[in-house]
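Contents: one structure, followed by commentary.
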Amino acid sequence: MKSDLIVLGGGPAGGNAALAAAAAGLSVVLFDEQPAAGGQVWRAPWAGKADPHDSPERREGDALRDALASSPVDLRFGRRVWSVGRAFRVDALGPDGNEWVEAPRLIAATGAHERVVPFPGWTLPGVIGLAAATVLLKSHAARPAGPVVVAGCGPLLAAVAAGILKAGGDVAAVVDLASARDWLVAVPHLASRPSLLAQGLGWTLKIAGRGVPVLFRHAVRRVEGAERAERVVIAPVDETGAFTGGSERSFEIGSLVVGHGLVPGGEVPRLFRAKTRFDRLRGGHVPELDADGRTSIAGLYAAGDGVGIKGAAAAVLNGTLAGLAAARDAGRLSESEWRKRAEPARTAAAGLAPFSDAIAGLMALRAGQVASVPAETVVCRCEDVTRGEIEAAAVAGATEVNQLKHFTRCGMGPCQGRMCGETAAEILARSLGVEREAVGQWTARPPLRPVPLADLLGRFDYSDIPIPKPAPL
Amino acid sequence: MTRVHDLAVVGGGVHGATAALFCARGGMDVALLDRGPLCREASGVNAGTLTMQMTRVALIPYALRAHAMWASASEWLGHDVGVVVCDGLSLAFTEQEAEILTYRAGKRREAGAPIRIVDGREAKRIEPGLSDEVLIAGHCEVDGYANAYLTGLAYRRALIEAGVALHENRAVEGVDQGDGGFTLRTAQGPLRARRILLAGGVWIEPMLAWLGVDLPIKTLINQLAVTERVAPVMQTVIGVASGLLSLKQYPHGTVVIGGGWQAVGDRERGGVELLPERLVGNVRLACHAVPALGHARLARAWAGLEAETRDALPAAGPVPGVNEAYVCGSVHSGYTSGPYIARLLADRILGREPDLPLFPIDRLLAPDPSEGTAP
Ligand SMILES: Cc1cc2nc3c(=O)[nH]c(=O)nc-3n(C[C@H](O)[C@H](O)[C@H](O)COP(=O)(O)OP(=O)(O)OC[C@H]3O[C@@H](n4cnc5c(N)ncnc54)[C@H](O)[C@@H]3O)c2cc1C
Ligand SMILES: Cc1cc2nc3c(=O)[nH]c(=O)nc-3n(C[C@H](O)[C@H](O)[C@H](O)COP(=O)(O)OP(=O)(O)OC[C@H]3O[C@@H](n4cnc5c(N)ncnc54)[C@H](O)[C@@H]3O)c2cc1C
């Protein structure tokens, strides 16, 4: 099947990109592996798991879902995209097996991954990602077993703690890498989005109202437990996230919810070898984009947290701009019509920059935190590679992340480095005494997500296999 | 600054690294330069199959000796590349394939490979993971695999121990001849040597052009795929009559699926794209052979570059018309045979008589002797 535009990802960025392009007259196919639009932030509750609570996020998500449903966009939910090729061709596994669509333009809006900087015990059952916990709360109306300690950094801390309380859970403490002052410094910037500031304050008040202790400038030292997480030990840190040697405190827990910001996935631009640069504030390597989201590859656009952490509000605007750019490049919008539609989004996006920077700053990777990972702690959990093994690889001559992978299997497992990649790269760079940029970036390859071979096969006869001509004897 | 090496090897794949190692052990002062890290092109990304059943007939005597080298890598290389020696099976599912298989196995047997033809039932006894669709199979006990991604680490250690001056991430941009030797131009400054060995895989064509020699090299873009770790589904190396499947499960549980299906790329850009229909085709063939594989998930697929000369036989010998310049590469199933062929060339560079003949490139520089007269 052919269309004018394929959009990958139905979150705030992809959803709005599809709407803007379709409104300009492009035929658009939208793929997402979720059952409905909304992405991470505006996740829809799963069927039969309706969260009784109304929330701003729920309302925004419903608005996007309604707008898409009444648009001409060809919606392909429940499809896991595994291959993306030039020209462009997108292959996805869905309820009817493999399906593909071709289009001269592609917008990648695949979102971010969660980062957890390792500490002893982080792989024990009962330790849950902070962003992952939002999925539990929003889609499954489930909460982590209490008592819960919520730890890490960024705005999701308060949101998740408040969400657990709202769902009737028991939060023992909130442990924040940032200081209260860091937040105060960020507040004027956050104030450029008053509704979000109010939401954040609401969360904070909720936590305060229940008397939940909030420990600023603290981090998880270790989690203890035989078969699962039973106890978390925390300790004070400095502004880099390094432990100060101050006294430890421990909490008996049912779960630890912990996350240290987000990493832009960026797999699609990387697959096409679009030009990238390293941007610590935005979470890692990000593609070089123009103001409308064009990458260095003709016809390939990108938007949202997948190409640099900026938050949902920016994702909406950048998605819209990418959709409009695709329509304009396809010759469906005149210069003046494009300008009329794009100008408001451009202005709003510029106004959002201080807010986006403040949010990203609170979630950026802290150097001292990486330095605190003990040598025997596993960094790559798929392949059980420890920090010490990464450092040994540096001594053995690994100078670049893909070589590190060959030396240690770090990043070779099912997650393909999505979880550990940035931390491992940071450790390698530190061991070599070079900047993070110098150790390069992980080569992206298909599949975009692991897929069962049986699903790829489909029904076939042996004679259908296009076996190439035999090699010379 | 004016150090003049006895030998400069350009290209640190399995050919260049092996030749450098044996020349250094033979007493030469050797420098090895690669534009990237060691063995990160074909020699680090290949399927690692060490098999006679995909090897060209003319190379069987070399491949048998090379197999013995790999099997004893701990002795001469001294570092682990994860070699497992096991049975190998080449399968036929149709009458036509059975015919091809019987013919090809016969030719390889004449060349010395201990391949016997077995029926489907016997094949299944050797490999319980096989499907019931197998008519006959070629069975060879001289088979196995290595863990190709460990090649760079193993050679790196061995080369340093042998005293080779290792220059990774140092691309050679050209070569000047004169003063009884060669000057290699690199962005990090010149490097001088009395002899040079060009071992650049698919890049030996541009390398030979530095010396004014025009040797066309075809670039194959081979696709490979690997699954997540799964419980054991097979214990042998499996191929098919046409040679277009290679399948094995590593001790850690991943299954590597290859066979030379072609992806998109070229010498300038590398293997840049995999075609979904070819991935699906390769996976179908694999699951047709070992049905239990269907439960595994595909973790990653990639493409690497393999070199091929006009007659698909190696380019391994002196460079005609250029004193003390050598070339080594373009060996079919070159990971299997590479170490042995490179060692033969090292003997020649060291002034010893190689045990088996080399593959001088003079034959490839002459005009193409019209169709079908390849040696
Ligand atoms: C787990 C998680 C939870 C988060 N929770 C919040 C929150 O509660 N509040 C908040 O403000 N921010 C949250 N964020 C931050 C979030 O990145 C942004 O708020 C916002 O969702 C970004 O919008 P987006 O459109 O760029 O990406 P996303 O919203 O992430 O949308 C990307 C979409 O692409 C789809 N997709 C990706 N790859 C494929 C593929 N191969 N095949 C098919 N579909 C694919 C995904 O299913 C997803 O729906 C969270 C991030 C993560 C990673
Ligand atoms: C995907 C794939 C699967 C394969 N599977 C098998 C298999 O299962 N069994 C088997 O026997 N064989 C297999 N092969 C073939 C085998 O991998 C190759 O024949 C062999 O590795 C070639 O080694 P080489 O040293 O000639 O080349 P390479 O390993 O490619 O080394 C050439 C080196 O030259 C360097 N170089 C290039 N230009 C410059 C420059 N200007 N300056 C300095 N250095 C430079 C490169 O960086 C590279 O490291 C496979 C090949 C591929 C691609």
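The values are calculated or read from the model by the stated rules, or taken from the named source; none is laboratory data. What you see is a predicted model, and the numbers here were worked out from it, not measured in a lab. Quick reminder, even Gly has a Cβ in these numbers, built from the backbone with ideal geometry, and neighbours come from all protein chains shown.
Say we look at region A:326-337 and pick out the residues that are surrounded by 23 or more Cβ atoms within 10 Å (Cβ to Cβ) and either within 14 Å of chain B (Cβ to nearest Cβ) or farther than 13 Å from A:A108 by Cα (or both); which of these is farthest from ligand 2 (Cβ to nearest atom)? Walk me through it before giving the result.
Keep residues of region A:326-337 that are surrounded by 23 or more Cβ atoms within 10 Å (Cβ to Cβ), which gives A:326-327, A:333.
Now restrict to residues that are either within 14 Å of chain B (Cβ to nearest Cβ) or farther than 13 Å from A:A108 by Cα (or both): A:327, A:333.
Details: A:A327: 40, A:L333: 44 Å.
Looking at residues that are surrounded by 23 or more Cβ atoms within 10 Å (Cβ to Cβ) and either within 14 Å of chain B (Cβ to nearest Cβ) or farther than 13 Å from A:A108 by Cα (or both), I get A:L333.
Specify which of the listed residues (B:L77, B:L33, B:L64) is near ligand 2 (Cβ under 10 Å from one of its atoms), at pLDDT 95 or above and not assigned by TED's automatic domain parsing to the domain that holds B:E122. Explain how you work it out, then say what you get.
Numbers: B:L77 fails: near ligand 2 (Cβ under 10 Å from one of its atoms); B:L64 fails: near ligand 2 (Cβ under 10 Å from one of its atoms).
Going through B:L77, B:L33, B:L64 in turn, just one is near ligand 2 (Cβ under 10 Å from one of its atoms), at pLDDT 95 or above and not assigned by TED's automatic domain parsing to the domain that holds B:E122: B:L33.
Just give me the residues in region B:264-303 being small (G, A, S), more than 8 Å from every other protein chain (Cβ to nearest Cβ) and more than 17 Å from B:G243 (Cβ to Cβ), in sequence order. Quick ask: steps written out before the conclusion?
Start the filter on region B:264-303 by keeping residues that are small (G, A, S), which leaves B:265, B:270-271, B:281, B:286, B:289, B:292, B:294, B:296, B:299, B:301, B:303.
Restricting the remaining residues to those that are more than 8 Å from every other protein chain (Cβ to nearest Cβ) gives B:265, B:270-271, B:289, B:292, B:303.
Of everything in region B:264-303, those that are small (G, A, S), more than 8 Å from every other protein chain (Cβ to nearest Cβ) and more than 17 Å from B:G243 (Cβ to Cβ) turn out to be B:G265, B:G270, B:G271, B:A292, B:A303.
Among the listed residues A:G202, A:G266, A:G259, which satisfies the condition of being at pLDDT below 95 and surrounded by 15 or more Cβ atoms within 10 Å (Cβ to Cβ)?
Values: A:G202 fails: surrounded by 15 or more Cβ atoms within 10 Å (Cβ to Cβ); A:G259 fails: at pLDDT below 95.
On inspection, the qualifying residue turns out to be A:G266.
Considering only region B:151-165, state which residues are surrounded by fewer than 22 Cβ atoms within 10 Å (Cβ to Cβ) and in contact with a helix residue (DSSP H, G or I) (Cβ under 7 Å, 6 or more places away or on another chain). Steps first, answer last, please.
Start the filter on region B:151-165 by keeping residues that are surrounded by fewer than 22 Cβ atoms within 10 Å (Cβ to Cβ), which leaves B:157-158, B:160-163, B:165.
Those that are surrounded by fewer than 22 Cβ atoms within 10 Å (Cβ to Cβ) and in contact with a helix residue (DSSP H, G or I) (Cβ under 7 Å, 6 or more places away or on another chain): B:A158, B:A162, B:G163.
Of all the helices (runs of 4 or more DSSP H) wholly in region A:366-473, which have at least 3 residues that are under 24 Å from the mean Cα position of the chain (by Cα) and surrounded by fewer than 20 Cβ atoms within 10 Å (Cβ to Cβ)?
Numbers: elements: A:367-371, A:387-395, A:401-408, A:421-432, A:453-457.
By residue number, A:367-371.
Where in region B:39-149 are there strands (runs of 3 or more DSSP E), lying fully within it, with 3 or more residues that are touching a residue at least 12 places away in the same chain (Cβ under 8 Å) and at positive phi? So that I can check it myself, show each step before the final result.
Details: elements: B:84-92, B:115-119, B:136-145.
By residue number, no strands (runs of 3 or more DSSP E) qualify.
Checking A:L432 against (1) more than 7 Å from every other protein chain (Cβ to nearest Cβ); (2) out of contact with any helix residue (DSSP H, G or I) (no Cβ under 8 Å at 6 or more places or on another chain), which single condition isn't satisfied?
Unmet for A:L432, out of (1) more than 7 Å from every other protein chain (Cβ to nearest Cβ); (2) out of contact with any helix residue (DSSP H, G or I) (no Cβ under 8 Å at 6 or more places or on another chain): (2).
Collect the residues in region B:226-242 that are facing chain A (nearest Cβ under 10 Å) and surrounded by 24 or more Cβ atoms within 10 Å (Cβ to Cβ), keeping them in residue-number order.
B:T227, B:V240, B:A241
Within region A:446-455, can one find any residue that is aliphatic (A, V, I, L, M) and more than 10 Å from chain B (Cβ to nearest Cβ)? Let's see the steps before the verdict.
First, the residues of region A:446-455 that are aliphatic (A, V, I, L, M): A:448, A:451, A:453-454.
Filter once more, keeping what is more than 10 Å from chain B (Cβ to nearest Cβ): A:448.
Within region A:446-455, one or more residues are aliphatic (A, V, I, L, M) and more than 10 Å from chain B (Cβ to nearest Cβ).
Which one of B:A63, B:A8 is away from ligand 1 (no atom under 16 Å from the Cβ), buried (at least 24 other Cβ atoms within 10 Å of the Cβ) and closer than 30 Å to A:T443 by Cβ? Before you say what the answer is, go through the steps one by one.
Details: B:A63 fails: closer than 30 Å to A:T443 by Cβ.
Every option except B:A8 fails the conditions.
Within the bounds of region B:202-211, is there any residue that is without any contact (Cβ under 8 Å) to a residue 60 or more places away in the chain, within 14 Å of ligand 2 (Cβ to nearest atom), touching a Gly at 6+ places or on another chain (Cβ under 7 Å) and over 20 Å from B:R269 (Cα atoms)?
Scanning region B:202-211, I find at least one residue that is without any contact (Cβ under 8 Å) to a residue 60 or more places away in the chain, within 14 Å of ligand 2 (Cβ to nearest atom), touching a Gly at 6+ places or on another chain (Cβ under 7 Å) and over 20 Å from B:R269 (Cα atoms), so the answer is yes.
With farther than 24 Å from B:A123 by Cα and touching a residue at least 12 places away in the same chain (Cβ under 8 Å) as the only criterion, which of B:L244, B:L191 stands out? Show your work before the answer.
Values: B:L244 fails: farther than 24 Å from B:A123 by Cα.
After ruling out the rest, the residue left standing is B:L191.
Considering only region B:106-119, state which residues are within 14 Å of another protein chain (Cβ to nearest Cβ) and closer than 21 Å to B:Q235 by Cβ.
Of all residues in region B:106-119, those within 14 Å of another protein chain (Cβ to nearest Cβ) come to B:106-111, B:113, B:115.
Residues satisfying the conditions are B:A113, B:I115.
Filter region B:54-83 for residues that are among the aliphatic types (A, V, I, L, M), out of contact with any Pro (no Cβ under 8 Å at 6 or more places or on another chain) and within 14 Å of chain A (Cβ to nearest Cβ) and give the result.
B:M54, B:V57, B:I60, B:A63, B:V81 - these are the residues of region B:54-83 that are among the aliphatic types (A, V, I, L, M), out of contact with any Pro (no Cβ under 8 Å at 6 or more places or on another chain) and within 14 Å of chain A (Cβ to nearest Cβ).
Residues to consider are B:L274, B:L293; find the one that is farther than 30 Å from B:D176 by Cβ and more than 16 Å from ligand 2 (Cβ to nearest atom). Write out each step before concluding.
Values: B:L274 fails: more than 16 Å from ligand 2 (Cβ to nearest atom).
After ruling out the rest, the residue left standing is B:L293.
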